[in-house]
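The values are calculated or read from the model by the stated rules, or taken from the named source; none is laboratory data. All of these numbers come straight from a predicted model, not from anything done at the bench. As a convention, Cβ positions derive from the backbone with ideal geometry for all residues, glycine included, and neighbour counts pool all protein chains shown. Accessible surface areas use protein heavy atoms only, side chains included; no ligands, DNA or RNA. Shrake-Rupley method; radii C 1.70, N 1.55, O 1.52, S 1.80 Å.
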Amino acid sequence: MKKLLLLFFVLVLANPVKSQSYNYNTYGLGVYYNALYPYADLASAKNSSGVSVVGYYNLSLFLPLGLEFQTGELAGGGVLTDLHGREYKNKYTAIIARGDVFLGQIMGDYGYRGPIRYLKDFYAGTGVGLISNNMAFIQRVSPGSNYVFPGKDKSMNLMVPIRVGYELKINNSYGEPFIGVNLGYVMNITWGEGLDGYDDSAKDFKNNVPDLYRQIVLGIKVNFGPSKSNY
């Protein structure tokens, strides 16, 4: 992941500032690598990874709507290291409808020809989706006792992503953004107790906040289709 982040910043520094037109393509397709980390009910968690594929409809140069398919693994705990002997591996999939607003939508046409134009490519966004949880492994019985941890091995939860990031736009010969190299940070809020597969009572276990998971996203978006004017 560190090498990929370094490559992103090298691309930012190497990308020359070119004149940008007001035109953009209607559609886009993105493929992304996700560095994942869950914040669930267990005391410890593990770093893992996943991938996303996103289809875009660009409302404007700086207002993309996306439909995302995401898959990966979330893991935490340890039979021998967790206080209660809990451990899980969640091979999840998710589908998310989302939208982003770039700073360029607010800045308008100011600064297209100077370095300040790079500010236009910072964004924030959100959306709504469903995550399908599938426990590839879960410790259901407490080691050394007959207590069975409650919960489900398979479940479906509503989720809301909170997204911030930067997209380095690489223009074609017409000054239109043809390729976007994206670096983002996403915090996904889920409703329900499916992320780690445990649904123990909050009286005896930590279980008083929504299950979350973090993504550090790096990938490429390619724009295509009919060209439209932003103004």
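Quick notes on this structure:
- Taken over segment 74-96, the criterion of being assigned to a strand (DSSP E or B), touching a Leu at 6+ places or on another chain (Cβ under 7 Å) and open to solvent by less than 70 Å² (accessible area, probe 1.4 Å) is satisfied by Leu74, Gly76, Gly77, Asn90, Tyr92, Ala94.
- Considering residues of segment 140-173 that are closer than 30 Å to Val128 by Cα and of a type in the set (Lys, Arg) only, the residue farthest from the chain's Cα centre (by Cα): Lys152
- Count of residues meeting criterion [in contact with a Gly (Cβ under 7 Å, 6 or more places away or on another chain) and modelled with pLDDT of 95 or more] in segment 10-44: 9
- Selection count, segment 39-71, where residues are out of contact with any Asp or Glu (no Cβ under 7 Å at 6 or more places or on another chain) and closer than 16 Å to Val128 by Cβ: 6
- One residue from Gly104, Gly99, Gly108 being under 30 Å from Val54 (Cβ atoms), open to solvent by 10 Å² or more (accessible area, probe 1.4 Å), among the small types (Gly, Ala, Ser) and modelled with pLDDT under 90: Gly108
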